[in-house]
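The structure appears below as structure tokens.
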Amino acid sequence: MNTSTHPLITFIGGGNMASAIIGGLVRQGHPASALQVVEPWDEQRAKLAQQFPGMAVLGAASAELQPSELVVWAVKPQTFKDAAAATNLFVAGALHLSVAAGITSESIARWLGSERIVRAMPNTPALVGLGMTGLMARAAVTADDKTLIERVVRTTGEMVWVNVEADLDAVTALSGSGPAYVFFFLEAMRDAGARMGLAPEVAQQLAIGTFIGAATLAQRSTDPLQTLRERVTSKGGTTYAAITSMEASDMKALFEKALVAAQTRAAELGAEFGK
């Protein structure tokens, strides 16, 4: 294996997000033999071994772990500290990428005894290569380190770097939790359509197609979001009636309140599980 082309990458945790990144790497030519995963659950280990032949899949960190250039921490916030204690001996000298919500880089640096840490906040559309990930690097992370991180994260979709770590709590609220908000609105649109007389599957198809189309239009257009909205909202028309109803309910303020709640909880997770 040419490590300069295909560095050995270790995943601590082999759940959905790790699987999304592994799948993206393999699709882009990274050999499964240059990947290794520590996953305690038997069923998930078997699934990973079947899905990615040639990849080393271990039930626990041990001397079987080969020295790797990058370690991806795809564990739940409440299990990170214990996972770090069990794994730290076998991953010395590596660059670390954490996708655990809320856990600060300061806590991770303390647990791992390393300053080469990048925090990431991905989201579930990474499973289909359309993720949005926020990234923040500690000062010890080099330009080459960032290049490697970008190469790995790009397999799941788009990314943005932030300079202030606290901004990751806002990223968590906006894009990390964001897919759930979209699904919430899709459910509401489907259910409303059904109550209006449409077959539920037809209402769902209309709702999903509308979200995809509107998001794509917003992505490709150079016009502000407000302008795009106003073009659909003729005064006295059907869209105007809907938007006026939403404004009367102060929906925008309620939605912002919900995002602030998510941002606050992200910070609480760091305080709760980062000790």
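The values are calculated or read from the model by the stated rules, or taken from the named source; none is laboratory data. Remember, predicted model here, so these are calculated numbers, not experimental data. Note that we place each Cβ from the backbone using ideal geometry, even for glycine, and neighbour counts take in every protein chain shown.
I want to confirm something. Restricting to region 102-124 and keeping residues that are in contact (Cβ under 8 Å) with a residue 40 or more places away in the chain, of a type outside the set (Val, Ile, Thr) and out of contact with any Pro (no Cβ under 6 Å at 6 or more places or on another chain), which single residue is surrounded by the fewest Cβ atoms within 10 Å (Cβ to Cβ)? If we take residues in region 102-124 being in contact (Cβ under 8 Å) with a residue 40 or more places away in the chain, of a type outside the set (Val, Ile, Thr) and out of contact with any Pro (no Cβ under 6 Å at 6 or more places or on another chain), then Glu106 is surrounded by the fewest Cβ atoms within 10 Å (Cβ to Cβ). Taken over region 137-154, the criterion of being within 20 Å of Phe11 (Cβ to Cβ) and more than 12 Å from the chain's Cα centre (by Cα) is satisfied by Ala137, Val141, Asp145, Lys146, Thr147, Leu148, Ile149, Glu150, Arg151, Val152. Answer yes or no: is there a residue in region 128-141 that is among the charged types (D, E, K, R) and assigned to a helix (DSSP H, G or I). No: region 128-141 contains no residue that is among the charged types (D, E, K, R) and assigned to a helix (DSSP H, G or I).
Residue pairs whose Cβ atoms lie under 6 Å apart, sitting 6 or more positions apart in sequence or on different chains, and linking a residue in region 171-187 that is more than 17 Å from Thr133 (Cα to Cα) to a partner that is assigned to a helix (DSSP H, G or I) and modelled with pLDDT of 95 or more, are Leu186/Ala207.
Tell me the residue from Ala188, Ala143, Ala241, Ala139 that is modelled with pLDDT of 95 or more, of a type in the set (Gly, Ala, Ser), surrounded by fewer than 12 Cβ atoms within 10 Å (Cβ to Cβ) and under 21 Å from Ala100 (Cα atoms), please.
Details: Ala188 fails: under 21 Å from Ala100 (Cα atoms); Ala143 fails: under 21 Å from Ala100 (Cα atoms); Ala241 fails: under 21 Å from Ala100 (Cα atoms).
The conditions single out Ala139.
Of the residues Ala271, Ala253, which is within 23 Å of Ile103 (Cα to Cα) and under 31 Å from the mean Cα position of the chain (by Cα)? Criteria check complete, one pass: Ala271.
Residue by residue, here is whether (1) part of a loop (DSSP other than H, G, I, E, B); (2) closer than 22 Å to Ala266 by Cα holds:
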{"site": "Ala46", "(1), (2)": "no, no"}
{"site": "Gly54", "(1), (2)": "yes, no"}
{"site": "Val72", "(1), (2)": "no, yes"}
{"site": "Leu89", "(1), (2)": "no, no"}
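In this structure, does Val152 turn out to be in contact (Cβ under 8 Å) with a residue 60 or more places away in the chain and either surrounded by 15 or more Cβ atoms within 10 Å (Cβ to Cβ) or part of a helix (DSSP H, G or I) (or both)? Write out each step before concluding.
Working: in contact (Cβ under 8 Å) with a residue 60 or more places away in the chain: yes; either surrounded by 15 or more Cβ atoms within 10 Å (Cβ to Cβ) or part of a helix (DSSP H, G or I) (or both): yes.
Judged against the criteria, Val152 is a match.
Looking at region 191-218, which of its residues are within 18 Å of Arg229 (Cβ to Cβ), surrounded by 11 or more Cβ atoms within 10 Å (Cβ to Cβ) and not polar (S, T, N, Q)? Within region 191-218, Ala207, Phe211, Ala214, Ala215, Leu217, Ala218 qualify.
The residues in region 18-73 that are within 26 Å of Ser114 (Cβ to Cβ) and of a type in the set (S, T, N, Q) can be counted, and the count is 6. Search region 62-80 for residues being within 24 Å of the chain's Cα centre (by Cα) and buried (at least 20 other Cβ atoms within 10 Å of the Cβ), and hand back the single one that is farthest from Ser105 (Cα to Cα). Looking at the filtered set, the residue picked out is Ser68.
Taking the criterion of being free of Cβ contacts under 8 Å to residues at least 24 places away in the same chain and in contact with a Leu (Cβ under 9 Å, 6 or more places away or on another chain), the only residue of region 59-81 that qualifies is Glu64.
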